[in-house]
Structures are given as structure tokens and as C-alpha cells.
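Shown next, in C-alpha cells, is the structure this report addresses.
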Amino acid sequence: FPATFVKESRVRNTALCDYVTRVLADLLHGGAGTDWTQTVQGAGWSSSKGGDIQVDAPGQYVIERTSVVANAEFIEARLTLALPAKGRSIEGYRAAEIVGGLCDAVKGALFYSSLDGTSLRGHIETVEDQDALRNQLCELGLVAFVGNGAILPRKSGVDDRPMTKADSPNLVDFKSPAAFEVTIKLPHAGQVTGMAIKKGVTVIVGGGFHGKSTLLQALQLGIYNKVPGDGREFVVCEPRAVKIRAEDGRSVRCTDISPFINNLPFGKKTTQFSTGDASGSTSQAANIVEALEVGATSIFVDEDTCATNFMIRDEKMKALVAPDKEPITAFVLKVRALLEEHGVSTVLVVGGSGDFFAVADAVVMMDEYAAIDVTERAQEIAKSTPPPKSVSFGKVAKRHEISLVDTRAYGFGHFGA
């Protein structure tokens, strides 16, 4: 392979290895005529079994893998081959045929001269553009970017490929509201225009089934590069963005959730909170604090997967349950402080509570999968009721770091006679 493909940058090398893995997987899966990934399942112990070749085939995301390794000296593919057998007897002729098929796949995938150079270069350039776009977000003061023309919906909940017109005739390509639109220059694609989500508190609203969660799901996966044709190539977010949700029943160990939860029954402390079965609210509090501990710069939150009592608390509930009897400080009271005291932005999907309008910097409405700027209207509505009283977020406790003091190697010793 040309040295510029394997040595120039880490992202280029990752894209190269990803492309080779995909070609290899396609050849093994029948691209050369025979599907070598199908194992033989015999009816009895003494019947034929095995005989398949497997490689860790990628999905829609281009990430570092160990399936293919390339450097200036060599390229290496790592596969598994289940040798065929009948009971305890090796099927030598079938094994030879399978190894021959493997050699053909290697010739077709691991030699630069065998590959489609235009397709390979397009794959690499698409990945490099996404990486360059993501790296520009911080200096532009952005949390995320959604390119015009992006296809956000997926085929299904278990199929991450893009939805097509054949799947849904009403498929809508993404188009940015004019107020959010920016143009960014990329090294290969040139100028790309789309919706910029600025640092701050951004609220996404809309009716059910109008695309709120679909947009957020695309944003939260913006930390990954995608393959050409995915539809979300220019949907990116900050590298240190984290999706937050409630996780009932999760384990929490020695985590300071006091920014959100205090005064638990029987005096249980929350500065070093531990439980083997967290509730929705405590698990969500722990998830946010843990994200901050590891350096998250923005969080994505979807009302659908949150604990309601963690997110909001209305006046009627406050009147019935006295504040000194409620251990939870609602997220709506902390979201501004999270930004102002710790510099952490929030992108939030809501469909049932307008309390967040008063603390939002921007509000986007999804209407039949079309994005509309409704910031001014939301702020006008927020003025009709007293705004939630923001409170200080509090300190984020740091976990104890383990320092490596001595790196000397020690021998095992001797066994006694």
C-alpha cells in the first residue's frame, strides 16, 4: 500500500483498515462466488461440521479495529477458520478447498493493486472530512453539526442502515432552520452547510413521532465516523459528548451524587453513594456525575429515557410534598449552573414539560421531520410563568488517580527442589 495511506495520520490508517476489512468480509461472504462464512451443521456426531471463515465485519461506523492492521512493513488480517471434520476425522479435501478460498479472498483484499482505488480514496476522504469537521466544532463554539441533506432515520431498530424512499415514501432529508445555518470548509468535500448547535442549553421539542428522538440519536452517534452513503456523514458532535439516561437497577459505587440528591431517609450520605440497585433518579444522577468526572463537555438527554422526578417538579407537587421531604433537586434547576460553573452544554429532547423553555438558549421544533427555529416563541411562553430558580451545581468530586511509581520488572523466583 502507498506509504501515505498507512503512515500519514491515524484517522487515514483507520479508514484504510476499515475499507480492507469490508472488502475482505464481502469476498468471504460470497462476493467471489462462494460464501465461506457458512458453516456445515451436520445431523449427527459423525456428520460434517465446521468449514467456515469469519472476520469481524464492520457496520456503519469506521472505528479502530484489530481485524486488519496495516503499517509501512506489512498488512495483516485476523480471521477465524473452523477446520471441517466428521466426528474425530479431518476432512482434508474440504479443508484444502477452504484454504484455497481464503487465499483468493486475501489476494482480492490485501493487495492494493486488487482494490478499487477510486472507491478506497473516496472512503478515506469521507472519513477524513468527518474528523476534520468534528475537530473544528470547539473553535467555532459548537456542540454539534447536522449537514443539510442528511438522512437521519434508520431502516429499523435493529438495522442501522439509512432508510430509503422504498422503505418510506415520505422520507425527509434534513434541512437546517435559517437562524441555525452555518457553512464550514472541509479538506476534501469543500464547503458544507447545515445546522449548528451552539454551546449552551438547546431544547428540541415537537409532537410524538415527528423526529425529536431521531435527531438526538443521530447527534449522540456523532462521535463516530460513518461509511460513505450512511446519510449521517456530516452529523457530528464533540468528541467528549455523552448520552445520559436513567438506568434502573444499575450498580453505583462511591459516587458523589450530592449535586442532585441529598437528605436521604435515615441520614444516608450521598457524597459517597453506593447501591447495587439504583432507582431511575439516582442512576441518572450517577450517570451525569460520572460523565463529568471523566471530562464530558456536553451531555445529550432524551425525556423518553429519563426519570421524570429527576427532570422536573411542578408547583402542585411542591405544595403537597414539602421541600425538606424531597431529596431530589430537579435537573431543570441545575442545567444552567452546569453550563455556567462547569462549561458543560446540554442538548435536551422534551415533549411533555415546558419548564425547560426558561433555561434554554435555543429551541428547535421538529415538525414532520422538518427542523424549525421556535426560540423566540418558547421564550415568550416562558415569560407567562415564573422561571425555575436555578441553584448552584456544586463541586464535581474527582476520583483518586493511581500513579505508576515503579516500572522495574521482577523475576518469578525459583521453585524448591
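Only a single item in (1) of a type in the set (A, V, I, L, M, F, W, C); (2) closer than 25 Å to P153 by Cα; (3) surrounded by 16 or more Cβ atoms within 10 Å (Cβ to Cβ) is not met by A370, and it is number (3).
Close Cβ contacts (under 8 Å, 6 or more residues apart or on different chains) running from residues in the stretch 1-23 that are in the same structural domain as R65 (by TED's automatic domain parsing) to residues that are charged (D, E, K, R) and not in a helix (DSSP H, G or I) comprise T14/E64; C17/E64; C17/R65; D18/R65; T21/D56; T21/R65.
Within the stretch 40-60, being of a type in the set (S, T, Y) and loosely packed, with under 15 Cβ neighbours inside 10 Å holds for S46, S47.
Determine, yes or no, whether T282 is more than 25 Å from the chain's Cα centre (by Cα) and of a type in the set (S, T, N, Q). Criteria not met by T282. Pairs linking a residue in the stretch 79-101 that is hydrophobic (A, V, I, L, M, F, W, C) to a residue that is part of a helix (DSSP H, G or I), with Cβ atoms under 6 Å and 6 or more positions apart or on different chains, are L83/A95. Looking at the stretch 321-342, is at least one residue hydroxyl-bearing (S, T, Y), crowded, with 16+ Cβ neighbours inside 10 Å and under 26 Å from A150 (Cβ atoms)? Checked against the condition, which is being hydroxyl-bearing (S, T, Y), crowded, with 16+ Cβ neighbours inside 10 Å and under 26 Å from A150 (Cβ atoms), the stretch 321-342 yields no hits at all. Annotation note: of H188, H210, the sole residue that is in the same structural domain as G354 (by TED's automatic domain parsing), closer than 20 Å to L133 by Cβ and part of a loop (DSSP other than H, G, I, E, B) is H188.
The number of residues in the stretch 63-97 being in contact with a helix residue (DSSP H, G or I) (Cβ under 6 Å, 6 or more places away or on another chain) and either of a type in the set (K, R) or at positive phi (or both) comes to 0. Criterion first (closer than 25 Å to I75 by Cβ and free of Cβ contacts under 8 Å to residues at least 60 places away in the same chain) does G117 satisfy it? Yes, satisfied. Of all residues being among the polar types (S, T, N, Q) and in contact (Cβ under 8 Å) with a residue 24 or more places away in the chain in the stretch 171-197, which is nearest to G354 (Cα to Cα)? Just the residue, please. If we take residues in the stretch 171-197 being among the polar types (S, T, N, Q) and in contact (Cβ under 8 Å) with a residue 24 or more places away in the chain, then S176 is nearest to G354 (Cα to Cα). Just one of the numbered conditions (1) of a type outside the set (K, R); (2) within 30 Å of E376 (Cβ to Cβ); (3) touching an Asp or Glu at 6+ places or on another chain (Cβ under 9 Å) is not true of A241: (3).
Restricting attention to the stretch 344-356, the residues that are more than 17 Å from T305 (Cα to Cα), touching a residue at least 60 places away in the same chain (Cβ under 8 Å) and surrounded by fewer than 23 Cβ atoms within 10 Å (Cβ to Cβ) add up to 0. Exactly one residue out of V242, V203, V227, V235 is more than 21 Å from V301 (Cβ to Cβ), among the β-branched types (V, I, T) and either within 22 Å of the chain's Cα centre (by Cα) or in the same structural domain as L16 (by TED's automatic domain parsing) (or both): that is V227.
State yes or no: is R78 of a type in the set (K, R), closer than 30 Å to E233 by Cα and in contact with a Phe, Trp or Tyr (Cβ under 7 Å, 6 or more places away or on another chain)? Taking the combined requirement at face value, the residue does not satisfy it. Of the strands (runs of 3 or more DSSP E) lying entirely inside the stretch 5-97, the ones with 2 or more residues being modelled with pLDDT under 90 and over 30 Å from N135 (Cβ atoms) are found at 48-50. Report yes if G59 is touching a residue at least 40 places away in the same chain (Cβ under 8 Å), in contact with a Leu (Cβ under 9 Å, 6 or more places away or on another chain) and outside the structural domain of F234 (by TED's automatic domain parsing), otherwise no. Spelling it out, it is not the case that G59 is touching a residue at least 40 places away in the same chain (Cβ under 8 Å), in contact with a Leu (Cβ under 9 Å, 6 or more places away or on another chain) and outside the structural domain of F234 (by TED's automatic domain parsing).
Per-residue answers, yes or no, for (1) without any contact (Cβ under 8 Å) to a residue 60 or more places away in the chain; (2) buried (at least 22 other Cβ atoms within 10 Å of the Cβ):
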| site | (1), (2) |
| --- | --- |
| K199 | no, no |
| V203 | no, yes |
| G208 | no, no |
| L215 | no, yes |
| G222 | no, yes |
| K226 | no, yes |
| V236 | no, yes |
| K243 | yes, no |
| D248 | yes, no |
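The values are calculated or read from the model by the stated rules, or taken from the named source; none is laboratory data. Because the structure is predicted, anything quoted here is derived from the model rather than measured. So basically every Cβ, Gly included, is an ideal-geometry build from the backbone, and we count neighbours across all protein chains shown.
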